[in-house]
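The structure appears below as structure tokens.
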């Protein structure tokens, strides 16, 4: 077992390491490019590294196969819940979701699976299916690297989750959609740029951003959703995701959600997909024992004997997101019933040199954007593609979430 002091420090791909002598002189140009692309703002200054992470062809294929197996297992669980809702465990969010209709035969969306790489092994630590953020940052920071160092373009490329979003919508013949969003981002300004970015990049799809204050102006007529005199075929919820616990506004908009789901509108990132956002990832291996190799050890808090102490464990409280409700090396006082204990994964480190002047080897995670299409009636995962990578890092913590102070490493894939 790898311990904290034995973390692997990854070496740079030789095609990247030869750039070392050019990094410092290129930093200001890199920052200017990030600002022009909307990946960096002075209102929400994310620490972004000029040293990219490289994912090899073989590793990219391996990640794709791993994500397909995990996605299929997750949707089998969702199918079981939808076929017999008495099987759904009780919680505030689950009790709310199980009152909602499915609304469509085919579910499409963009999930993100957060992995920690320990040595050569990937371990899944969290999965999210609704309102996935940092779409602009992960795409445009990688594009900025290739623009800054054009000699890398022969060997590497990057992926854009929004392009796959557009692809899934067009497959369902959705050529118009509204993007539901909130009014204010003062607490999480990093989420704000994704809305206009989706609006900008979903070319050939007529989109409109609708803020919460304008939800009241959305109407329904003959199965159609109508906003400002125009009918729209799709809804992309970048709000109402249950991520703020008991205070999330999703609970006060139940009638609104029912109107959407009872209409003919296609919901990209259907709210029922949140049934798969379970901190206790053991449900995946119950559906498919083969995916157990991708999961860290997980135990129930209740009855935990505590032999050896808690320093090698992470407490994860259910119905929390964005790095909240995660306590590394908890003490006994932290243990609560509505939580699980997950064995710590001592993730690899990657060299970073950031626009904020930080230099070192950052602990990183691998957020894999997954674009999917699932036929509920057939219980068939018809599409599952890796749509992008979000590599976040921290120089001094295992919590790498950007909303909790983590930074970003642009990610390139070998051609």
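The table for this structure:
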quantity	calculated
Residue check, residue 305 in a helix (DSSP H, G or I) and either touching a residue at least 60 places away in the same chain (Cβ under 8 Å) or more than 22 Å from residue 166 (Cβ to Cβ) (or both)	no
Residues of segment 287-302 classified as more than 23 Å from residue 346 (Cβ to Cβ) and touching a residue at least 60 places away in the same chain (Cβ under 8 Å), total	3
Hits in segment 124-155 - residues which are within 28 Å of residue 346 (Cβ to Cβ), surrounded by fewer than 22 Cβ atoms within 10 Å (Cβ to Cβ) and in contact with a helix residue (DSSP H, G or I) (Cβ under 7 Å, 6 or more places away or on another chain)	124
Boolean, residue 169 is at pLDDT 90 or above and crowded, with 20+ Cβ neighbours inside 10 Å	yes
Test for residue 398: is it in contact with a strand residue (DSSP E or B) (Cβ under 9 Å, 6 or more places away or on another chain), farther than 24 Å from residue 268 by Cα and not assigned by TED's automatic domain parsing to the domain that holds residue 276	no
Answer residue from segment 353-381, given it is without any contact (Cβ under 8 Å) to a residue 24 or more places away in the chain and in contact with a strand residue (DSSP E or B) (Cβ under 9 Å, 6 or more places away or on another chain) and is surrounded by the most Cβ atoms within 10 Å (Cβ to Cβ) among those	359
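Matching residues to (1) modelled with pLDDT of 85 or more; (2) surrounded by fewer than 17 Cβ atoms within 10 Å (Cβ to Cβ); (3) in contact with a helix residue (DSSP H, G or I) (Cβ under 9 Å, 6 or more places away or on another chain); (4) in a loop (DSSP other than H, G, I, E, B):
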site	(1), (2), (3), (4)
165	yes, no, yes, no
173	yes, yes, no, yes
177	yes, no, yes, no
197	no, no, yes, no
207	yes, no, yes, no
220	yes, yes, yes, no
235	yes, no, yes, no
241	no, no, yes, yes
250	yes, no, yes, no
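The values are calculated or read from the model by the stated rules, or taken from the named source; none is laboratory data. Predicted model, so just to flag it, every value in this text is computed and none were measured. Cβ atoms come from the backbone with ideal geometry, glycine included; neighbour counts cover every protein chain shown.
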